[in-house]
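Visitor: Attaching a single structure in structure tokens format; questions to follow.
The values are calculated or read from the model by the stated rules, or taken from the named source; none is laboratory data. Bear in mind that the values here come from a model prediction, so they are computed numbers and not experimental data. Using ideal geometry, Cβ is built from the backbone for each residue, glycine included, and neighbour counts are taken over all protein chains shown. Side chains are part of the model used for accessible areas, which takes the heavy atoms of the whole protein and leaves out ligands, DNA and RNA. Shrake-Rupley method; radii C 1.70, N 1.55, O 1.52, S 1.80 Å.
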Amino acid sequence: QVQLVESGGGSVQPGGSLRLSCVATTSTFNRYSIAWFRQTPGEEREFVAAAFWTGDLTRIADSVMGRFTISRDNAKNTVVLQMNSLRSEDTAVYYCAAALEGYGIHFKLYDYWGLGTQVTVSS
């Protein structure tokens, strides 16, 4: 079991940066893969990035490659999504999700979710 809390969202101009954090409450954080998804009203949830539970493996969606990075600190039970060169298309609610000993990127594979944090990119 794990509880997740996102933070760091806000409103920025195109080209700006935001840093999203996901803090997990669990005694076995190192057994969970942590991923970020985003969703716009009326649209399907979209994979953004994941930091998997072992092997120092990460994955970044093609749509944000070169602009976003993901990192995890197991000592702090935290995963950070650094977002640079933001575009209007990045506007969405961003969710942190956890999968126990999982390696997938589809949202249906993730059992635990935070409440989300809004990211708005506009002029």
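Visitor: Suppose we filter the range 22-41 for residues that are aromatic (Phe, Trp, Tyr) and free of Cβ contacts under 8 Å to residues at least 60 places away in the same chain; how many remain?
Guide: 1
Visitor: Any residue at all in the range 35-47 that is of a type in the set (Lys, Arg) and closer than 17 Å to Leu109 by Cα?
Guide: Initial filter on the range 35-47 (of a type in the set (Lys, Arg)): 38, 45.
Now drop any that are not closer than 17 Å to Leu109 by Cα, which leaves 38, 45.
For the range 35-47, residues of a type in the set (Lys, Arg) and closer than 17 Å to Leu109 by Cα: present.
Visitor: Now a separate question. When the range 111-123 is examined, which residues are found to be open to solvent by less than 30 Å² (accessible area, probe 1.4 Å) and under 30 Å from Thr54 (Cβ atoms)? If you could, list the steps in order and put the result at the bottom.
Guide: Taking the range 111-123 and keeping what is open to solvent by less than 30 Å² (accessible area, probe 1.4 Å), we get 114, 116-117, 119, 121.
Residues satisfying the conditions are Gly114, Gly116, Thr117, Val119.
Visitor: Then there's this: Restricting to the range 24-41, name every residue that is in a loop (DSSP other than H, G, I, E, B) and of a type outside the set (Gly, Ala, Ser). Even if it seems obvious, please write down each step before you answer.
Guide: Looking only at the range 24-41, we keep the residues that are in a loop (DSSP other than H, G, I, E, B), and these are 26-28, 40-41.
Correct list: Thr26, Thr28, Thr40, Pro41.
Visitor: Please go through the range 92-110 and pick out each residue that is of a type outside the set (A, V, I, L, M, F, W, C), modelled with pLDDT of 95 or more and open to solvent by 40 Å² or more (accessible area, probe 1.4 Å).
Guide: Listed by number, the residues that qualify are Tyr95, Glu101, His106, Lys108.
Visitor: Give me a count of the residues in the range 31-50 that are more than 12 Å from Val79 (Cβ to Cβ) and either of a type in the set (Val, Ile, Thr) or out of contact with any His (no Cβ under 8 Å at 6 or more places or on another chain) (or both). Working first, answer last.
Guide: Of all residues in the range 31-50, those more than 12 Å from Val79 (Cβ to Cβ) come to 31, 37-47.
So of that shortlist, the ones also either of a type in the set (Val, Ile, Thr) or out of contact with any His (no Cβ under 8 Å at 6 or more places or on another chain) (or both) come out as 31, 37-46.
So the answer is 11.
Visitor: While we're here: If you go through the range 59-82 one residue at a time, how many are touching a Phe, Trp or Tyr at 6+ places or on another chain (Cβ under 7 Å) and among the polar types (S, T, N, Q)?
Guide: Summing the residues that are touching a Phe, Trp or Tyr at 6+ places or on another chain (Cβ under 7 Å) and among the polar types (S, T, N, Q) in the range 59-82 gives 3.
Visitor: Suppose the filter is under 19 Å from Trp113 (Cα atoms) and among the polar types (S, T, N, Q); does Ser71 pass it? Spell out how you get there, then give the answer.
Guide: On the way: under 19 Å from Trp113 (Cα atoms): yes; among the polar types (S, T, N, Q): yes.
Against the criterion (under 19 Å from Trp113 (Cα atoms) and among the polar types (S, T, N, Q)), Ser71 qualifies.
Visitor: Could you name every one of the strands (runs of 3 or more DSSP E) located completely within the range 42-116 that has at least 1 residues being within 20 Å of Ser7 (Cα to Cα) and touching a residue at least 40 places away in the same chain (Cβ under 8 Å)?
Guide: Working: elements: 46-51, 58-60, 68-73, 78-83, 92-100.
Strands (runs of 3 or more DSSP E) meeting the threshold: 46-51, 78-83, 92-100.
Conditions (1) modelled with pLDDT of 95 or more; (2) open to solvent by 40 Å² or more (accessible area, probe 1.4 Å); (3) closer than 13 Å to Leu115 by Cα; (4) in contact with a Ser or Thr (Cβ under 8 Å, 6 or more places away or on another chain), marked per residue:
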{"residue": "Gln3", "(1), (2), (3), (4)": "yes, yes, yes, yes"}
{"residue": "Ser7", "(1), (2), (3), (4)": "yes, yes, yes, yes"}
{"residue": "Ser11", "(1), (2), (3), (4)": "yes, yes, no, yes"}
{"residue": "Pro14", "(1), (2), (3), (4)": "yes, yes, no, yes"}
{"residue": "Ser17", "(1), (2), (3), (4)": "yes, yes, no, yes"}
{"residue": "Val23", "(1), (2), (3), (4)": "yes, yes, yes, yes"}
{"residue": "Ser27", "(1), (2), (3), (4)": "no, yes, no, no"}
{"residue": "Trp36", "(1), (2), (3), (4)": "yes, no, yes, no"}
{"residue": "Thr40", "(1), (2), (3), (4)": "yes, yes, no, yes"}
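Visitor: Condition first: open to solvent by 70 Å² or more (accessible area, probe 1.4 Å), more than 20 Å from Gly15 (Cβ to Cβ) and basic (Lys, Arg). Now tell me which residues in the range 42-89 satisfy that.
Guide: Passing the criteria: Arg45, Arg59, Lys76.
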